[in-house]
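This report concerns only the one structure given below.
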Amino acid sequence: TPVQIKEFGAVNKIDFSPVPPYNYAVTASSRIHIYGRYSQEPIKTFSRFKDAAYCATYRDDGNLLVAGSEEGSIRLFDISGKAPLRQFDGHTKAVHVVGFLSDKYRIFSGGDDYSSNLWDIPSATEIVSYSEHNDYVRCGCASKVNADVFITGSYDHTVKLFDARTKSSVMTIEHGQPVESVLLFPSGGLLVSAGGRYVKVWDVLKGGQLLVSLKNHHKTVTCLCLNSSGQRLLSGSLDRHVKIYSTTSYKVVHSFNYATSILSLALSPEDETIVVGMTNGVLNVKHRKPEEKKEKSQKKRQPAYKTYVKGRTYMPKQEDFCVSKPVKRVLRKYDKLLKSFHSSKALDAVLEPPIRLYTPEVTVAVMQELHRRGTLRSALAGRDEKQINLLLTFVARRVIEPRFTPVLVTVADMITDIYQPVVGQSAIVDRQFLRLQEAVGKEIDYQEELLEVLGMMDTLFATFTKKRATYLEDNKSNGLRPLEE
């Protein structure tokens, strides 16, 4: 439910402090009230104005507040004090727009004397004055990207971009109606101007090219505002509506309706509070509903048993088409390690007893793959006594199997090369090397005996073979008939 606060006059400006606890300054009549986010009474008041005050604006650090006035002077206040720290005199008529440049040490202002001025805070002096507008200057903003750039909008239908380093404006944009509010996107590339029934978006980097013109209000648009992320643009109007646009599509995504015409609006830095000031002096404060903390989600209820057994007993008919469920392939541990290029760990994985004893072809295949990759030597190196013993036991047992011999001979060579310097330091390892030597020696003896047997058999087979006469030998004439005499 919105909170309604009655002010002394029409609310011409609302500005949120950029630092926590995000208090906001409300300028109405001849006073500036500071409200806490949830307070309904002002926590501080600045009332040192003879006539109406305008445009109280916070500095980026939230410590200073600057305001214009009907008598033409600009006052600078410290948030913790009451009396003005500085007073800047130079405008001859009411000052409706003031603000800080992003360097925090300069102030820009615009007045009903058609001039736009720049002031130095430490010395309280005027730096430069621009008299380029032909009517009241009623709105302005400073660039957050460039500390020398500020923008003013006037009732002469123009928006001018000024650079403090130059003697005149660097860009002029024709809005087409008296300009009531201007706004720069945080990036500094896009400018939004409001005047008449129109809200227009301009591309500053393209020399002030018009990107989009929005005509969603029925009366004059008086104020503009952006949310913290820059994804939403808000506009308030004399037609009692606040329209919210998406900055990607520039379509109206939401609308608020109020009791009377709107002069000013502001959104808190966390988008939690929207404050609207109206012509009848009423301040309307809306807070976003706090999100309820989700209770600890109860454990998800499992389906009933009958869900799992449903359809198990169904027998397919002749015309039914059976779709088999694809079997999900799960990679084995050694495959995952090979995929991650962990050679040594992959070799360890295939030397585990279940694989080493029952599927030795897997162990040998991994060794072969490591040899193909060129990482077998590094995988075999750097092992302790227990691991060397394991490797040598496997090699000595399996090297005599013909399908494993080519790979395991290479492995045995590498192990011998790598661990030759440590021979004699461990009785267990020495014993395994001797076992390997004995296994290889026996295999060589078997091979020699087999070769002898092969030779005998070759001789026998040679004697059994008869020389069969070929057809050509039978017919010496090579198939030609003898000449008849």
For the stretch 323-361 and the stretch 253-294, what is the separation of their Cα centres, given in Å?
63
What percentage of all Cα-Cα pairs in the stretch 144-271 are separated by more than 17 Å?
56
Would you indicate which of (i) 15; (ii) 53; (iii) 4 is the value of percent of Cα pairs over 45 Å apart derived from the coordinates of this structure?
(ii)
Once you order the gyration tensor axes a ≥ b ≥ c over the Cα atoms, which shape class does the stretch 358-449 get: rounded for a/c under 1.5, otherwise prolate or oblate by comparing a/b with b/c?
oblate
Quick check: pseudo-label points 7 Å beyond the Cα along Cα→Cβ at residue 330 and residue 445, how many nm apart are they?
4.8
Treat each spin label as a single point 7 Å out from the Cα along the C-beta direction, and report the residue 279 to residue 78 distance in nm.
4.1
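Taking a threshold of 32 Å on the Cα-Cα distance, which of the pairs 333/386; 82/104; 144/167; 82/289 fall above it?
Details: 333/386 22 Å; 82/104 20 Å; 144/167 21 Å; 82/289 34 Å.
Over 32 Å apart, Cα to Cα: 82/289.
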Distance in nm between label sites at residue 105 and residue 146, each 7 Å beyond Cα in the beta-carbon direction?
2.0
Multiply the residue gap between residue 362 and residue 251 by 0.36 nm, knock off their C-alpha separation, and tell me the result in nm, one decimal place.
33.5 nm
How high is the FRET efficiency from residue 341 to residue 39, r the C-beta distance, R0 51 Å, rounded to 0.05?
0.20
222 nm [θ] for the chain, helices only, -39500 (n - 2.57) per DSSP H run of 4+, per residue, to 500?
-7500 deg cm²/dmol
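If R₀ is 60 angstrom, what is the calculated FRET efficiency for the pair residue 286 and residue 378, using the beta carbon separation as r and rounding to 0.05?
Numbers: r = 68 Å, r/R0 = 1.13.
Once rounded, the FRET efficiency stands at 0.30.
Provide Rg over Rh for the stretch 1-83; use the alpha carbon set for both Rg and the Kirkwood Rh (inverse mean inverse pair distance). Intermediate results must be reported in sequence, preceding the final value.
Numbers: Rg = 12.0 Å, Rh = 12.8 Å.
Result for the stretch 1-83 is an Rg/Rh of 0.94.
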Whole-Hz ³J(HN,Hα) for each residue in the stretch 227-240, computed from phi via Karplus 6.51 cos²θ - 1.76 cosθ + 1.60 with θ = phi - 60°, x for glycine and proline: what do you get?
7, 5, 8, x, 8, 10, 10, 10, 9, x, 9, 5, 7, 6
As straight-line cross-link partners of residue 6, the qualifying aspartates and glutamates (C-alpha separation under 13 Å, not fewer than 8 residues apart within one chain) are 41
How compact and how long is the stretch 256-401, expressed as Rg and Dmax of its alpha-carbon atoms in Å?
34.5, 103
A convex hull over the alpha carbons of the stretch 135-196 yields, per residue, a volume in Å³ of 71
Suppose R0 equals 30 Å; then what is the FRET efficiency for residue 219 and residue 8 from their Cβ-Cβ distance, rounded to the nearest 0.05?
0.75
Kindly report the accessible area of the chain per residue (heavy atoms of protein chains, probe 1.4 Å, no ligands, DNA or RNA), in Å².
60
Give the residue list of trypsin sites (Lys or Arg not before Pro) in the stretch 179-253 that are DSSP loop and have at most 12 other beta-carbon atoms within 10 angstrom.
215, 251
Rounded to the nearest Å, the spacing of the alpha-carbon centers of the stretch 179-198 and the stretch 51-96 is 23
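The values are calculated or read from the model by the stated rules, or taken from the named source; none is laboratory data. It should be emphasised that the depicted structure is a prediction, and the values quoted were computed from it without experimental measurement. Cβ atoms come from the backbone with ideal geometry, glycine included; neighbour counts cover every protein chain shown. Keep in mind that these areas ignore ligands, DNA and RNA; they rest on the heavy atoms of the full protein, side chains included. Shrake-Rupley method; radii C 1.70, N 1.55, O 1.52, S 1.80 Å.
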